[in-house]
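The values are calculated or read from the model by the stated rules, or taken from the named source; none is laboratory data. Please read all numbers here as calculations on a predicted model, not as lab measurements. Counting neighbours? That spans all protein chains shown, and the Cβs are built from the backbone with ideal geometry, glycine included. These accessible areas exclude ligands, DNA and RNA; they are computed on the full protein's heavy atoms, side chains included. Shrake-Rupley method; radii C 1.70, N 1.55, O 1.52, S 1.80 Å.
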Amino acid sequence: MASYKATRIPSFPRLGEKVTQDTLYWRNYKTPVQIKEFGAVTKIDFSPLSPHNYAVTASTRIHIYGPYSQEPVKSFTRFKDTAYSGTFRSDGQLLVAGSEEALIRLFDVSGRVALREYTGHSKAVHFTDFSADRFHILSGSDDYTCRLWDIPSSAEVSRYSEHTDYVRCGTPSRLNPDVFITGSYDHTVKVFDSRKERSVMTMDHGQPVESVLLFPSEGLLVSAGGRYVKVWDMLKGGQVLVSLKNHHKTVTCLCMSSTGQRLLSGSLDRHVKVYSTTTYKVVHNFDYAASILSIALAPNDDSIIAGMTNGVLSVKHKKHPEDRKMVGGTSRHRPAYRVFVKGKNYMPKQDDFLVRKREKAHLKQYDKELKRFQVSKALDSVLKPHVRLKTPEVTVAVIQELNRRGTLKNALAGRDEKGLSILLSFLIRNVVDSRFAPILLTVAEMVLDIYMKVVGQSAVVDKQILKLQELVEKEIDYQQELMEVLGMMDTLFATMTAKKEP
Amino acid sequence: MVASAEVRVARCGGSRINFIEPIITLDSRFLLCASGDAVHVYSTSTEERVHVLQGHVDLVTGLRLNSSNHLQVYSCSLDGTVKLWDFTDGILIKTYIVGHKIFSLYVSKFHEGTVFIILPMESSANTEAFQLVALHLPKTTGPEVEARDILSVLRDVSPIPKATSFGRGGEFVASASGLQLSVYFFRKQKTYRFSLKANDKKGARNRFTCVASHPNDDCIATGHEDGKIRLWRNFSQKKEYTYSTEHWHHSAVNALHFTPEGTELLSGGVESVLVLWRYGAGSKKDFVPRLGSAIEHISVSPDGSLYCTSHKDNKIVVMKSSRDISAIIQGLVKGETIRTDLLIDPRTKALVCNGKPGHLQFFSLRHDKQLYNLDIVQQEYIHEAGLHQCEVTKAAIDAQGSWLATVEERQENPEELDIILKLWAYDESTQSFHLNTSISMAHEGQISAMCFSGDAEATMLVTTGRDGHFKAWLLADHPDAQGEGASWSCDYVGSYHRREPTRCCFSADGSLLAVGFGEVVTVWSPSTWELLVTFSQPPGDIRDLCFGRLSCSKYLLGTTTKNLLCCWNLLTCSLEWSSTVDVILLQPDPLSENMAAFSRASGSTDLFVFKPSEPRPLFSQKAVCSGTVRRAVFAPREEVLEGCDESTQWLSCSRLYFLTEHMELMTFSTKSEEDQIIASSKQLVIDDSVAVTPFYLLLGKHRKSQRETQDSVSSHTAARIQLPQGSPAIRELLHTPAHVLPSASFLCNMFVNSLLISKSGVREDGRCREEEMGSEEEEEAEEQESEGEMEASVSAQGPAVQGFQTEPTPQLSKAQERELRKLQKADFSWLSSLLDS
């Protein structure tokens, strides 16, 4: 006696993007919090100290936000013109910022007024940062120079004027206090050593460089400019390792995930792409409402913050498992563990006579009905909302099974207005789906045959039937157009092959 | 033409075991069923075939236990004989020659020395009329007896065995034929006939299909064509009979049977559900559903502990009365048609073809046994007439046996065609095929041919469809898919001038693909998908295509519908030779260059075996079978057949099997091969059942010398001495594993005792102690057997003696026998008078 064979649900090839580990990881963020700033957000920098406040440079202000606050906990507003590049020192105590007025200001995070002002640049300073020894400040300016300043004495230590265009970005080495890297609109990325007079390494990016980033190991350097993101091997003397062209507008900012496994790039095309640093393939993609100028990841990837040209700061926090529990409220009382193991952990002794209970195959509701040849009930059970909306393939598989058994007509017949309207709405939703179309067209024909007599008695059903007719007509037109296109392409291919032969 | 006396066409296994109702022996240990012209004895617990009772020369049509001796069985056959067998030892005891075709056989406990058989009525001109007769079995000695003592019981009966049944205590016999139920009472010697109308207003179809009688109540159950079961009572009167009707089956009731106690009535039909009706409880019933296929016969063991149903798919299911299946005996499943080719599984060397609906069967030709069934369709089978079922239409196995491709098809109307191409991977751990890829609608039209490439590294599958395309499928890895292994996907779609491809074939090394499009053969290179060359031999479409192998691999052979067999040379791209033969089937031998071609000639089929390189056929035989040959296949032999002369050389490494029009599986066997089989079967008889253990080897030497001395001794003693190896003590010693044996000192005593040659009287005492347990059963059986022999009054001479070789009966020399007989005949009456006085 063979057991009942359950209805086979065919698995269709999954359309759209594939769900990978990365997709799941990067999707695990809450809906973004939008904070309106006064102008385009050009720089976001996280404090290295807990609780990891972050400084947002926008227009003439620098705001410092707490991790979960929507209001700034502190703001520096003493800029007369646009501020740039508000950056924390590695101890989180000091903040440096450049500005359009060619000044560099140093702030105490707890104070309000600038501690020092460094004058010397003749044009706007777009890039400022601290060196790794914490006693110097780096700066890059539109006057084509980059300079090194001593913090306590406000004196310029050294000046490099090798670039031939605006210096807009740069990064200090975290491991060597003397080394720093700058990127410029003259398409080059230069590595400087403060012990030397001249740059030690020059790399040609090919586009105006908007952002540079060092890997945690500092063996690799990433530069962004134009539509390209390029990765350079520093240990091989600045050879290009890989060139990525995944954006269709200028890439403006770069950022590294906390583990160093993923690289993020934001662009004016409103996308943030996530690359794997092993394969340099795009593993995920975020969409934003406006062009992105700056992006930052909190330590431990707890939040993603992106600043946009329209002055909106988008803050996404990671979902934590504890949060969900809080949302769920009262957790349902579940049976204790010992309920499940009761009697199951008994080890039979040697002479015991074992009597086994026959394993009962678990059947789905529709299979139970089909097993009993109750065809209408089987169809009803797969037309329940959660089945027909979430898994239409199950519904279609059962319809197919009924058709195979030759009892589809019986199952469709004898429905009241409500039942019929459910059936029609399912048809309207799925009849043009190419996976289900062959069988659902049969169903539609049968439904019209069976319920021909009652047309005109119910307004709801009549409306749905008209909608179905419209849908089918539209689909026929569409298919016809597709066939025409196919025919045109065939002629094209035919001419191509004819040319190849002689 | 080569002489073909050496080679003959032989039937090879796979005959129907569901032709008549199987019977279960009294002790429920064995099940007997007719299979072609033999009777098979199966064990009910292990499904193993114990004996094959061979002797009839035509289809066996009836099988009943001898009611006076339960270890014997009667069988009847269309060859006009009734035979009595001892099924425990597989011995023919007696043959009764009747001289007419016998269609059925019945035995009643209350009519000793008589069996009832159904014969055609000789008197009337109508050959379709049959009668039930009582055949008195003469009690004369001798293995063959003419039985002419025939007494007609009922006339105009149905020849179907299940339409006749004997009632309570053998008082009456009920037989149904058409719309009439006849009941004959033996005591009154009177027949009552009850008729039903063919149709009533409700559209019932009242024709009788089967009859069963209650074992200890006056009740007859009849099954009808429309699924009704009628229970007839009070039928000893013409007028006042009554019947009640039960209805569950939706189509004809195929079989009815009462349990021996009469508490339950079992019925079955095309629904393949065994229905158990409780007798006298109205319409209360139990079901045993999903038995796999339509029920043809039902039988119950005499003690009621086992039910047994035989099914349309050549299967016998034995179930306990608790509804648990205890055994399934499955023969070769043969439907009306076979859609797949015959294939050989390279791993098991089993024949693969359509089995049960939606399944592929793997049938071992060597053991005449089904190995397993592979469920291809994986859908619940609905047993309903007129339903369009999903059928497996094509199957192919690659050369290593690691991939199986199947095509299933369901067509309700010309527009709605459902085709699924499935690819199955062989799993080493479970030793069976597992579904890897399922492709629905692989082609827009039906798939007309399918083949695997012979290349071991990159297996490729090519399918040709009625939609005018051929498609190549390759195994492709998808590393990014979550946890999924490699699956098959389409690699290339090819077509040729919008013609419809019909055949495809790979060369042996997989470097060339030939596809037949109508009357054109195109040859492609599968690595670049370049069309290399085309051949055509109009008029006539290509019917079969195949590449030569080994030394003939430069040839491509094709047959056309216009009676042409062509051989193209692939090196010169020209026609090498052609001949006008109407070849219906071309089959290459995978192990040699040989090709077998079946050609149709006036109602029968001829066979030619040839090499593409040689003009003369190696072998040819006219009229291998009547009608056409449906499918054929070369199966590799287990070991190369030696001692073949020129004409049988082609059979040395493989065997050719073919299916005839009537779905009979035939093969070609050589004379030398048959001689070998006979020789080996003789050896089997001599072979002892003692396992080869160190003890056995040690004992073997000892026994030889022992036997020589014994022989000399036994000639002197009147009683034959029990051989030492026959003693249960020794047998126990030899068969028990060493670590569970008692201490050696204890054994030694026993061992030496059993080896001693003692005087019979003393030996008896010694033995009794040793083998109390072991021999009791044996002796009992022997007693019963001899008792049975007496009752049946069958003489103990002749073939029966073979069965009692081990029995220590005194053997008398002929002279002594004559002496005794003389003494018996001598008149000793004078002694009595002497004593009286």
Just for strands (runs of 3 or more DSSP E) wholly inside segment A:173-256: which have at least 2 residues that are among the polar types (S, T, N, Q) and in contact (Cβ under 8 Å) with a residue 24 or more places away in the chain?
-> A:179-184, A:199-204
Run down B:D324, B:D375 and say which single residue is within 14 Å of another protein chain (Cβ to nearest Cβ), under 17 Å from B:Q431 (Cβ atoms) and open to solvent by 30 Å² or more (accessible area, probe 1.4 Å).
-> B:D375
For segment B:352-370, state whether one or more residues are outside any loop (DSSP other than H, G, I, E, B) and at the interface with chain A (Cβ under 10 Å from one of its Cβ atoms).
-> no
Looking at (1) open to solvent by 10 Å² or more (accessible area, probe 1.4 Å); (2) closer than 17 Å to A:V222 by Cβ; (3) touching a Lys or Arg at 6+ places or on another chain (Cβ under 6 Å), can you tell me which one A:N285 breaks?
-> (2)
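Quick check, is B:T95 crowded, with 22+ Cβ neighbours inside 10 Å and either closer than 29 Å to B:I329 by Cα or among the hydroxyl-bearing types (S, T, Y) (or both)? Show your work before the answer.
Values: crowded, with 22+ Cβ neighbours inside 10 Å: no; either closer than 29 Å to B:I329 by Cα or among the hydroxyl-bearing types (S, T, Y) (or both): yes.
Against the criterion (crowded, with 22+ Cβ neighbours inside 10 Å and either closer than 29 Å to B:I329 by Cα or among the hydroxyl-bearing types (S, T, Y) (or both)), B:T95 does not qualify.
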Return the only residue of A:Y4, A:Y65, A:Y29 being within 14 Å of another protein chain (Cβ to nearest Cβ), touching a residue at least 12 places away in the same chain (Cβ under 8 Å) and of a type in the set (F, W, Y).
-> A:Y4
Does A:L49 satisfy being open to solvent by 40 Å² or more (accessible area, probe 1.4 Å), on the phi < 0 side of the Ramachandran plot and within 14 Å of chain B (Cβ to nearest Cβ)?
-> no
Any idea which residue in segment B:443-481 is most open to solvent (accessible area, probe 1.4 Å), counting only those that are within 14 Å of chain A (Cβ to nearest Cβ) and in a loop (DSSP other than H, G, I, E, B)?
-> B:E444
Would you pick out the residues in segment B:378-396 that are crowded, with 16+ Cβ neighbours inside 10 Å and more than 9 Å from chain A (Cβ to nearest Cβ)?
-> B:H383, B:E391, B:V392, B:T393, B:K394, B:A395, B:A396
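Those residues that are in a strand (DSSP E or B), within 23 Å of B:G485 (Cβ to Cβ) and open to solvent by 10 Å² or more (accessible area, probe 1.4 Å), I need them from segment B:397-427; list them, please.
Passing the criteria: B:I397, B:W403, B:I420, B:A425, B:Y426, B:D427.
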Given (1) over 22 Å from A:R270 (Cα atoms); (2) touching a residue at least 24 places away in the same chain (Cβ under 8 Å), index of the condition A:E71 fails | (2)
Name the residue, out of A:V398, A:V394, A:V431, that is of a type in the set (A, V, I, L, M), within 34 Å of the chain's Cα centre (by Cα) and more than 17 Å from A:Q464 (Cα to Cα).
-> A:V394
Considering only strands (runs of 3 or more DSSP E) wholly within segment A:43-93, the ones with at least 3 residues that are under 24 Å from the mean Cα position of the chain (by Cα) are A:54-58
Filter segment B:512-528 down to residues that are in contact (Cβ under 8 Å) with a residue 40 or more places away in the chain and either closer than 22 Å to B:A399 by Cα or not hydrophobic (A, V, I, L, M, F, W, C) (or both), then give me how many there are.
-> 8
Given the conditions (1) farther than 15 Å from A:V222 by Cβ; (2) crowded, with 19+ Cβ neighbours inside 10 Å; (3) among the aliphatic types (A, V, I, L, M), report the number of the one that A:A290 does not fulfil.
-> (2)
Among helices (runs of 4 or more DSSP H) completely within segment A:399-502, the ones holding 3 or more residues that are under 30 Å from B:M441 (Cβ atoms), touching a residue at least 60 places away in the same chain (Cβ under 8 Å) and within 14 Å of another protein chain (Cβ to nearest Cβ) are none
With respect to B:S647, determine if the residue is small (G, A, S), open to solvent by less than 30 Å² (accessible area, probe 1.4 Å) and at pLDDT 65 or above.
-> yes
Conditions (1) open to solvent by less than 40 Å² (accessible area, probe 1.4 Å); (2) within 22 Å of the chain's Cα centre (by Cα); number of the one not met by B:D79 | (1)
Scope segment B:212-234; condition open to solvent by less than 10 Å² (accessible area, probe 1.4 Å) and either under 24 Å from B:G170 (Cβ atoms) or among the charged types (D, E, K, R) (or both); matching residues = B:A212, B:H214, B:C219, B:I220, B:A221, B:T222, B:G223, B:I229, B:W232
Somewhere in segment B:280-289, is a residue surrounded by 22 or more Cβ atoms within 10 Å (Cβ to Cβ) and either more than 12 Å from chain A (Cβ to nearest Cβ) or at pLDDT 85 or above (or both)?
-> no
